[in-house]
1. Please determine, by comparing only the residues of region 157-194 that are within 21 Å of SER275 (Cα to Cα) and among the β-branched types (Val, Ile, Thr), which one is surrounded by the fewest Cβ atoms within 10 Å (Cβ to Cβ).
2. Could you please find all residues in region 339-363 being loosely packed, with under 15 Cβ neighbours inside 10 Å and charged (D, E, K, R)?
3. So is TRP259 closer than 17 Å to ALA213 by Cβ, of a type outside the set (Gly, Ala, Ser) and touching a strand residue (DSSP E or B) at 6+ places or on another chain (Cβ under 9 Å) or not?
4. Looking at region 72-119 only, could you name the residues that are surrounded by fewer than 24 Cβ atoms within 10 Å (Cβ to Cβ), among the small types (Gly, Ala, Ser) and either out of contact with any strand residue (DSSP E or B) (no Cβ under 7 Å at 6 or more places or on another chain) or farther than 23 Å from GLU767 by Cα (or both)?
5. For the list (1) assigned to a strand (DSSP E or B); (2) open to solvent by less than 30 Å² (accessible area, probe 1.4 Å), I need the number of the one condition that SER795 fails.
6. Show me the helices (runs of 4 or more DSSP H) entirely contained within region 129-230 in which 1 or more residues are closer than 24 Å to GLY450 by Cβ.
7. Which of (1) closer than 24 Å to PRO414 by Cβ; (2) modelled with pLDDT of 95 or more does PHE257 not meet, given it meets every other one?
8. For region 697-716, what are the residues that are part of a loop (DSSP other than H, G, I, E, B) and open to solvent by less than 50 Å² (accessible area, probe 1.4 Å)?
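The values are calculated or read from the model by the stated rules, or taken from the named source; none is laboratory data. Predicted model only: the values in this text are computed from it and were never measured. Cβ sites come from the backbone with ideal geometry, for glycine too, and all protein chains shown count toward neighbours. These area figures cover heavy atoms from the full protein model, side chains too; ligands, DNA and RNA do not enter into them. Shrake-Rupley method; radii C 1.70, N 1.55, O 1.52, S 1.80 Å.
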Amino acid sequence: MFSFIKDGRQKLSEGYLCVCEKAMKMFSHHCGRTGQPYATIWFLVFLLLLMHNIGGSLSASTYLTGLGSYDITGPAADVNMMGYANTDQIASGVHFRLRARTFIVAEPQGNRVVYVNLDACMASQIVTIKVLERLKARYGDLYTEQNVAITGIHTHAGPGGYLQYVVYIVTSLGFVRQSFDVIVDGIEKSIIQAHENLRPGSVFINKGELLDAGVNRSPSSYLNNPAAERSKYNYDVDKEMTLIKFVDNHWGPVGSFNWFATHGTSMSRTNSLISGDNKGAAARFMEDWFEHSSYREAFNSQYLNKSRTVRIPRRVSSIISDPHKNLDVLMKLAASFEPSQGRPATRLLSVASRVRNALMQAEKPQFVSAFCQSNCGDVSPNIRGAFCTDSGLPCDFNHSTCNGKNELCYGRGPGYPDEFESTLIIGEKQFKKAVELFTKANEQLKGKIGYRHSYVDFSKLEVSLPKAGGGTEGVKTCPAAMGFAFAAGTTDGPGAFDFTQGDDKGNAFWKLVRNVLKTPSQEQVKCQHPKPILLDTGEMKVPYDWAPAILPVQILQIGQLVILCVPGEFTTMAGRRLRDAVKTVLTSGGREKSNSNVHVVISGLTNTYSQYVTTFEEYQVQRYEGASTLYGPHTLSAYIQEFKKLALALVNGQTVEPGPQPPDLLNKQISLLTPVVMDATPIGTNFGDVKTDVPANSNFKKGDKVSVTFWSACPRNDLMTEGTYALVEILQNQKTWVPAYDDDDFCLRFKWSRPAKLSPQSYATIEWRIPVTAVSGVYRISHFGASKTLLGSISHFTGSSSAFVVV
């Protein structure tokens, strides 16, 4: 067996050898001394499984692969969150951090593609434009709009204000430069990382069903699709997850990206903490799983069968072997550490204290895992269904109302009424499925790297449709408009006033209000029928464009994987029709030899954002998704037509027309967000001082919540990019504080608030829910921040709580 390891063609990388060594120790530890023979047997079984997987992983590579990741967490105070369009949903802290994650796959002497997944609500046209400008300045024509795709996971818990069209930044009081800059910077840095990490490697693909992470939130619309079409599918939402696994020839597995359709709405419209929601959580879980428990956990069935707790081994060891027997010793030790007074610090201290920085090795690429969005338009993670908050009864099926009103109809997640628990559960479900697919991925992507991209004016696109009796008929798309049911919201986040889903008539009062802004023409009314127009956004140009007209359509190809990059939220059936149409072209429409084993995935919310895309039949029902299908009833047909053109050009090696360029509206942006004027503390108090400490002589158990409040300053003064506002430290060697958890951990929450709306004073409450995997010992909680003087200078500070014991 070990001579097999030495074989030059299939030798194990250093990373795998490390895994094997750790696995042997793990088996020995669980079996004990008397179980050593069994440990050896189990180790050999484990090694055979690993060798089987590595045999595929280290097969002849045909690509260069590189991955990167960078912090894009925006302002954690004062800024409206993007997604629910709820003016009361203002950021006031961090649940866990947001990141831009990138992969690049390149032919050694040929084409390459870049794919960036953002922990953000969606991509933005102006963000894409400015990222491409930076890439051109750095790399010339290596990375362009043709081969770069930027997409969002659709979390509704990230700061808004980074899009350029009016309708998407009204609730954020216009453009928020800080939100925009951190996203553009993070995308650029993640692409630079991926570019510099390019090395020979392989890409593997795997697919599987995940049955309980999404339900259809507009089933009455779905049922309006033809019965014969619906009968081809087992479910009214897509249940398939598609995952690609990146394997470096030297380091072994270095990352994975997957596509699965479910909304980023586990966190509710009242949440105020920045969060990547269920997909961001899944990414954090998987990256920690790989880095901390190494590849061996993939073969630990006990781990995979855990139904609730994400088991992420910690980075530090216990200072006392049996804390229960030595509680008095721990308590005495903890009592010797009183809270530290707030004191000046450098920003670098926050960055250096970040837990995951200590894990990164300069010579080894970090493991990057992204959970990407697909055709999630009508898919909700609130899988328990929609219920009325007043009666507890199910909402009306057709209109999602309670006694005729939509405001009381809410979807319930699996952790209801705890939205954090729901986020954990749905994130964990995706994480576990991804681990399963990752460990079993053995179909290698081989073949050419390709891409096609075009800009299309969807406000007046001529579309040719087949007629039932043969021949074709011509129809057109319309300038963008939103229907009355748009204002009704969804069961994930209902709207206000008297709007309802399924409204195809409108309301006289709201039509009068609409006409103050813009009265739609009769041609527009006819084109959008049966949608009653609430906002004629495509024809509203003051102070600048309210909605996009020119949209990017793009296809990326990596061997037998084809990614359809769409700038919106396709419903389940709309996505199925698009995939099927493109796959038909790819497998039978080209001059080249077709590949029937092609895998087609939809990348939703990519490169820009243009709301929803339903089928023609779903559009007739005018629920929220139909009312938000901007370009009229033939929007989906227009997409299918344009993507078929791209697919045909791809298989035939032909070029496509670039199309009209979208506008760059950056210089026209308006911002009404008030800047931070200054920060202050009460007389005799320093920034970073403890306001409310842990109880004296306290000890906590796993599962308890520890809370400490500090005098703080506005988080907008410094986003602490690649750093942390909050830190849990464990005492080692009775004298050294070691980072254990930070504000990128699911269990730690950073909450910021002011005693009054216009007060210069503020405080930060850090809550730590002690994980069952936490190491017993002595801990403390620390806070990092930055204050602003009236003259505008910024000063960083830090402070720490009293020590306490966890047993």
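1. Filtering region 157-194 for residues that are within 21 Å of SER275 (Cα to Cα) and among the β-branched types (Val, Ile, Thr), the one surrounded by the fewest Cβ atoms within 10 Å (Cβ to Cβ) comes out as THR171.
2. Hits for region 339-363 are ARG343, GLU363.
3. Working: closer than 17 Å to ALA213 by Cβ: yes; of a type outside the set (Gly, Ala, Ser): yes; touching a strand residue (DSSP E or B) at 6+ places or on another chain (Cβ under 9 Å): yes.
So TRP259 fits the description; yes.
4. Result: ALA85, ALA106, GLY110.
5. With respect to (1) assigned to a strand (DSSP E or B); (2) open to solvent by less than 30 Å² (accessible area, probe 1.4 Å), SER795 is out only on (2).
6. Details: elements: 177-196, 219-222, 227-230.
Result: 177-196.
7. Among (1) closer than 24 Å to PRO414 by Cβ; (2) modelled with pLDDT of 95 or more, PHE257 violates only (1).
8. If we filter region 697-716 for residues that are part of a loop (DSSP other than H, G, I, E, B), which is where we start, we get 697-698, 701-704, 713-714.
SER698, ALA713, CYS714 - these are the residues of region 697-716 that are part of a loop (DSSP other than H, G, I, E, B) and open to solvent by less than 50 Å² (accessible area, probe 1.4 Å).
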